[in-house]
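The values are calculated or read from the model by the stated rules, or taken from the named source; none is laboratory data. Quick caveat: nothing in here was measured; it's all calculated off a predicted structure. Note that each Cβ is placed from the backbone with ideal geometry, even for glycine, and that neighbours are counted across all protein chains shown.
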Amino acid sequence: MIPVAHPLLPPGFRFGASTASYQIEGGADEDGKGPSIWDTFSHEPGKIVDGSTGDVACDHYHRLDEDLDLMQRLGLGGYRFSISWPRVLPTGSGQPNEAGLDFYERLVDGLLMRDIQPMATLYHWDLPQKLEDAGGWLNRDTVDRFAEYAALVGERLSDRIEDWIPVNEPNVVTMLGYGNGTHAPGKALMFDALPVAHHLLLAHGRGAIALRAVGASSIGCANNHAPMWPASDDEADVGASKLFDALWNGMFSEPMLFGRYPLDLAPLVAPVIKAGDMATIRQPLDFYGVNYYSPMRIAAADEDAPTPWEPLEIVGYPTTDFGWPVVPDALREWLITLRARYRAALPPIIITESGCSYAAAPDADGVVDDQARIDYLDAHLRAVAVAVRAGVDVRGYYTWSLLDNFEWAEGYTQRFGLVYVDYDTQARIPKRSFDWYAETIKSQPPDN
């Protein structure tokens, strides 16, 4: 196994790994934690592919020290995790749950003891169920509750956490959670879900303001992005791809960086915008987080279709076990595109998620040979290096994910981790990709 050397990545480039609270923690109803929308959704029959829930997940809540030791062995420069809102505030507001705050203090202190930089996400989709009962992200009051939550957590942890992300992938929450209903809370509102996008962006802005007020020094985002490839040169396909690009990409990057919505979409959001909202959303960012997995191929839909675009399969590339095409150069393409679109408004970039699902399991000797994941990571790091050479300021790469985990609506059918998790015994088995990533990190020159 030959570690990859990336001389074109800048000295001090941070290699990290990412997780999310509901996907790994378990402890669903322990120590005062309240229910989240994912606790509710995953227990509804037919919502999760394999009928599973995140009640136990990777049992990270009880195996914190073991997982911290794995991170240290890996040599991570940074670890991105999310804080469970209902573990800290069981009903979304009111009296904090000290046991929940204590857990995250132990996590952060354990990371710092091991020289790993914490990166905390405040909202990675596990909304307290009581807030959803009051309207969830369709209700503007949820933004106020989020700002209170951000202030509470920031007050407790901003002296030890440098990097903060208020909201993870607001486009996925809007479109899958409220647009088509495949994610919690399971509402299929189509375009009527757009107020959710605005409220999530407001939460991002209000959260950033609250964090800075209590001393947070580095605040960014984690937006899911994908290059949009028109299915053909036909004017209809090109137009459909541009519209979907505005919805998937521009709907969230333009307000954050320019303080405005894409021209084609602005009229649809206008009814819920109040005076001062766009200035609130456009908070100064210290880094721009890109979550990248694959490009999308878009065609014009039939006239009677519910949306004017239709996603098509991308052929000619290998795919992960999730069926997603592996296109490393599309990451380079997106990084170049992002810089070209936003120029001086774009802060330094961190790849806050990028990874792949492969089902490699332990062989007779207990070895998990996931060469496909090694190839994926190698190729995507090289794509980042090419973008850096072209002048894009990329400061780090956080692979998804540290551990195999509960993959939302797919349950436990997809394995994204550097570490294999036996869900029956909770045994952790580092894969070959774990060792490769560790050697890659070790080979990177430090920042002098």
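Any idea how many residues of region 259-276 are touching a helix residue (DSSP H, G or I) at 6+ places or on another chain (Cβ under 6 Å) and not in a loop (DSSP other than H, G, I, E, B)?
Here the count works out to 3.
Please enumerate the residues belonging to region 249-299 that are surrounded by fewer than 20 Cβ atoms within 10 Å (Cβ to Cβ), free of Cβ contacts under 8 Å to residues at least 40 places away in the same chain and acidic (Asp, Glu).
ASP264
Could you tell me how many of the residues in region 382-437 are outside any loop (DSSP other than H, G, I, E, B), out of contact with any Pro (no Cβ under 7 Å at 6 or more places or on another chain) and of a type in the set (Ser, Thr, Tyr)?
Selection size over region 382-437: 5.
Out of ARG343, ARG395, which single residue is in contact (Cβ under 8 Å) with a residue 24 or more places away in the chain and among the basic types (Lys, Arg)?
Every option except ARG395 fails the conditions.
In region 162-179, what residues are under 26 Å from PRO118 (Cβ atoms) and either among the small types (Gly, Ala, Ser) or surrounded by fewer than 24 Cβ atoms within 10 Å (Cβ to Cβ) (or both)?
Answer for region 162-179, where residues must be under 26 Å from PRO118 (Cβ atoms) and either among the small types (Gly, Ala, Ser) or surrounded by fewer than 24 Cβ atoms within 10 Å (Cβ to Cβ) (or both): GLU162, ASN171, VAL172.
Which ones in region 318-349 are in a loop (DSSP other than H, G, I, E, B), hydrophobic (A, V, I, L, M, F, W, C) and under 18 Å from the mean Cα position of the chain (by Cα)?
Of everything in region 318-349, those that are in a loop (DSSP other than H, G, I, E, B), hydrophobic (A, V, I, L, M, F, W, C) and under 18 Å from the mean Cα position of the chain (by Cα) turn out to be PHE322, TRP324.
Across region 106-132, what is the number of residues that are within 16 Å of TYR149 (Cβ to Cβ) and of a type outside the set (Ser, Thr, Tyr)?
Final tally of qualifying residues: 11.
Scan region 134-149 residue by residue and report those that are among the β-branched types (Val, Ile, Thr) and part of a loop (DSSP other than H, G, I, E, B).
Correct list: empty.
Exactly one of these conditions fails for PRO185: (1) in contact with a Phe, Trp or Tyr (Cβ under 8 Å, 6 or more places away or on another chain); (2) under 24 Å from ASN97 (Cβ atoms); (3) part of a helix (DSSP H, G or I). Give me its number.
Result: PRO185 passes all but (3).
I'd like to know if region 254-264 contains one or more residues that are closer than 26 Å to ARG145 by Cα and aliphatic (A, V, I, L, M).
So far as region 254-264 goes, yes, one or more of its residues are closer than 26 Å to ARG145 by Cα and aliphatic (A, V, I, L, M).
Do we have TYR398 as of a type outside the set (Val, Ile, Thr) and within 18 Å of GLY78 (Cβ to Cβ) here?
yes
Suppose we filter region 151-182 for residues that are out of contact with any Lys or Arg (no Cβ under 6 Å at 6 or more places or on another chain) and assigned to a helix (DSSP H, G or I); how many remain?
Adding up the residues that qualify gives 16.
Residues that are surrounded by fewer than 20 Cβ atoms within 10 Å (Cβ to Cβ), at least 3 per element: which helices (runs of 4 or more DSSP H) completely within region 17-133 meet that?
Because the criterion is at least 3 residues that are surrounded by fewer than 20 Cβ atoms within 10 Å (Cβ to Cβ), the helices (runs of 4 or more DSSP H) in region 17-133 that meet it are 64-74, 98-113.
Counting just the residues of region 375-403 that are among the aromatic types (Phe, Trp, Tyr) and over 27 Å from ALA344 (Cβ atoms), which one comes out surrounded by the most Cβ atoms within 10 Å (Cβ to Cβ)?
TRP400
Would you confirm whether or not region 195-206 contains a residue that is aliphatic (A, V, I, L, M), buried (at least 23 other Cβ atoms within 10 Å of the Cβ), out of contact with any Ser or Thr (no Cβ under 7 Å at 6 or more places or on another chain) and assigned to a helix (DSSP H, G or I)?
Yes, the conditions are met somewhere in region 195-206.
From THR182, THR142, grab the single residue that is more than 18 Å from PRO284 (Cα to Cα), β-branched (Val, Ile, Thr) and surrounded by fewer than 18 Cβ atoms within 10 Å (Cβ to Cβ).
THR182
Please go through region 208-239 and give me each residue that is assigned to a helix (DSSP H, G or I) and among the hydrophobic types (A, V, I, L, M, F, W, C), ordered by number.
Across region 208-239, the qualifying residues are ALA208, ILE209, ALA210, LEU211, ALA213, ALA236, VAL238.
Filtering region 177-195 down to residues that are free of Cβ contacts under 8 Å to residues at least 60 places away in the same chain and among the aliphatic types (A, V, I, L, M), which residue is farthest from PRO267 (Cα to Cα)?
ALA188
Any idea which of (1) hydrophobic (A, V, I, L, M, F, W, C); (2) farther than 28 Å from LEU64 by Cβ; (3) touching a residue at least 24 places away in the same chain (Cβ under 8 Å) is the one VAL367 doesn't satisfy?
(2)
State which residue pairs qualify: first residue farther than 21 Å from TRP248 by Cα and inside region 300-322, second residue at pLDDT 95 or above and not in a loop (DSSP other than H, G, I, E, B) in any location, beta carbons under 6 Å apart, and separation of 6 or more residues or different chains.
Filtered contacts from region 300-322: TYR317/PRO325; THR319/PRO325.
Pull up region 286-317, narrow it to residues that are assigned to a loop (DSSP other than H, G, I, E, B) and touching an Asp or Glu at 6+ places or on another chain (Cβ under 9 Å), then point me to the one that is modelled with the lowest pLDDT.
ASP302
Would you please name the residue that is farthest from GLY16 (Cα to Cα), looking only at residues in region 424-445 that are surrounded by fewer than 16 Cβ atoms within 10 Å (Cβ to Cβ) and of a type in the set (Ser, Thr, Tyr)?
Checked region 424-445; the qualifying residue farthest from GLY16 (Cα to Cα) is THR425.
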